[in-house]
Amino acid sequence: MDGTATLRMNEFILGAVEHEKFTMHNWHKKQPTPSEPKELTFDIDSKTTEYIQQSEKNFDKLIGDHELEVTLHTIII
């Protein structure tokens, strides 16, 4: 996943807030309380269950094939 787009969005929003170009209308007003969540139930046949299980295996393999390394860059001024 590339974080460039997320970083750019955050920079844009923070810049807008800093220069007072961004307002949060009605932020101080009490928002209505959301209703209680309702459980969704699904009827899943055996073929769909097989697809889900195969997808889980494929996902686990894909993630297992990745390596993560962290590098620290320090700038001394």
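Within region 32-46, is there a residue that is out of contact with any Ser or Thr (no Cβ under 7 Å at 6 or more places or on another chain), part of a loop (DSSP other than H, G, I, E, B) and either at pLDDT below 75 or small (Gly, Ala, Ser) (or both)?
Scanning region 32-46, I find at least one residue that is out of contact with any Ser or Thr (no Cβ under 7 Å at 6 or more places or on another chain), part of a loop (DSSP other than H, G, I, E, B) and either at pLDDT below 75 or small (Gly, Ala, Ser) (or both), so the answer is yes.
Report whether or not residue 22 is modelled with pLDDT under 90 and aromatic (Phe, Trp, Tyr).
Yes, satisfied.
Does residue 69 fit the bill of being exposed (fewer than 10 other Cβ atoms within 10 Å of the Cβ), in a loop (DSSP other than H, G, I, E, B) and modelled with pLDDT of 90 or more?
In short, no.
The values are calculated or read from the model by the stated rules, or taken from the named source; none is laboratory data. Worth saying up front: this structure is predicted, and the values here are computed from it rather than measured. All Cβ positions, even for glycine, are placed from backbone atoms using ideal geometry, and neighbour counts span all protein chains on display.
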